[in-house]
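Q: This is the structure I want to talk about, given as structure tokens.
Since every read-out is calculated from the coordinates, none of them should be taken as a lab result. Computed from a predicted model, the values in this text were never measured in an experiment. Here Cβ is always computed from backbone atoms with ideal geometry, including for glycine, and neighbour counts include all displayed protein chains.
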Amino acid sequence: MSTAVAPSTRWRARARMIAEAATTPLVPGDFLDLFAPLRSGAELRGRVVSVHPETADAATLVIRPGADWGGHVPGQYVRIGVDVDGVRCWRAYSLTHGPRTDGRISITVKAVPDGHVSPYLVRHTKPGTLLHLEQAAGEFVLPTPSSVESRETTKLLFITAGSGITPVIGMLRNLYPSTDSGVLRPARSAAYDIVVLHVAPSEPDSIFTADLRRLEASGAIRLVARYDDQHGVLDLADLDALVPDLGERTTFACGPGGLLDAIVAHHEERGLPLFTEQFKVSTVVAGEGGSVTFERAGRTVECDGGRPILEQAEEAGVLMPSGCRMGICYTCVLPLREGAVRDLRTGDLTTAIAGETPAGGVPIQTCINAAAGPCQIDH
């Protein structure tokens, strides 16, 4: 049984075909991307509205996301895609605001020495720059008072170090909005009792120091600031003295791997509730290194055993899938066809042996594994 097509529909379809033929290899959608890149239905992107320096090596980017942005929960992160030297690189950054009335989002980026993306974002990004986005993700978020019965889930301790403050500042700004007249303490946040233990190398290197002080001055939080150059490196044996009611609080910790490992061991020993977020893989055991061959790309890269395969392949110009870069999202997984890799977090060895390994290879996360000898990866 055939269905009649309205003349107007046929005309529109033919007009589109003519337009696409006339603009090959571009199609009308490509021209729409030039004039309306943030429109609904387009690849999700965001336009940088402003850039605000935070410290000598950190800056906050305020971004207007595309129409299809789905929103976020404070504490979540967003993957940002940026083209550097002709290669699109993706990095994950925490959102440093709760939902805003103007619909904009913000991330705060600290330039990592010898980094590929963060120095570019901090030092070269200008208002008007278009960035690629993915929808917000992550479970490092607060329980709501209405969803829990125990006060222990709203009596909180935040332990942050360095840029680990970024997801926490998003939570705090959402709980206690800052206005021209001061910090607000809305009724919806009244149930929270929060201590923030923030660690940084020095006070000038500390991101969001002014925000934390305003929150403390308003009575919204109790701030315990520890600067390495003034107080020495944080000793977790001092936690009880710094936070006398530690045993009554749920801890949210975010920072370098070494500190988080120590906090996990400390809290597990005492049976204390803990949620963690880690931004950078900490190396425990390095592999021996070796040549990594990317079969379909026809490239071989010499990799040392102390750094992830992902980073070294990108530096050599191999376009790699990537996401969180900390072993959580599994976006970077590729099949290891032959050879051995070592997990930089645990030292665990993963091997693939020709003739014994399944034909599809062994899935490995390239963001947390280093070469432990010659490898062949299907990519």
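Q: How high is the FRET efficiency from Ala67 to Ala241, r the C-beta distance, R0 56 Å, rounded to 0.05?
A: For Ala67 and Ala241, the calculated efficiency is 0.65.
Q: Further, regarding this structure: Based only on Cα atoms, what mean projected area does the convex hull of the stretch 45-133 have, in nm²? Write down the numbers at each step before the final one.
A: Working: hull surface 22.3 nm².
Hull-based average projected area comes out at 5.6 nm².
Q: At 10 °C and 1.306 mPa s, what whole-number value in µm²/s does Stokes-Einstein give for the translational diffusion of the stretch 290-377, with Rh from the Kirkwood sum over Cα pairs?
A: Numbers: Rh = 12.6 Å.
Translational D for this selection: 126 µm²/s.
Q: Okay, next question. So, R0 is 56 Å and r is the distance between the beta-carbons of Asp348 and Arg213; what FRET efficiency does that work out to, to 0.05?
A: The value I calculate is 0.80.
Q: Using θ = phi - 60° and the Karplus form 6.51 cos²θ - 1.76 cosθ + 1.60, what ³J(HN,Hα) does each residue of the stretch 197-204 get, whole Hz, x for Gly and Pro?
A: After applying 6.51 cos²θ - 1.76 cosθ + 1.60, I find 9, 10, 10, 8, x, 7, 5, x Hz.
Q: Which FRET efficiency, nearest 0.05, do Ala316 and Ala137 yield, Cβ-Cβ r, R0 25 Å?
A: The formula returns an efficiency of 0.30 here.
Q: Just to confirm my numbers, what's the Cα centroid distance between the stretch 173-229 and the stretch 294-326 in Å?
A: Between the Cα centre of the stretch 173-229 and that of the stretch 294-326, the gap is 39 Å.
Q: Let me ask you something else. Taking the convex hull of the Cα atoms, report for the stretch 172-300 its projected area averaged over all directions, in nm².
A: Here the figure is 13.2 nm², rounded to one decimal.
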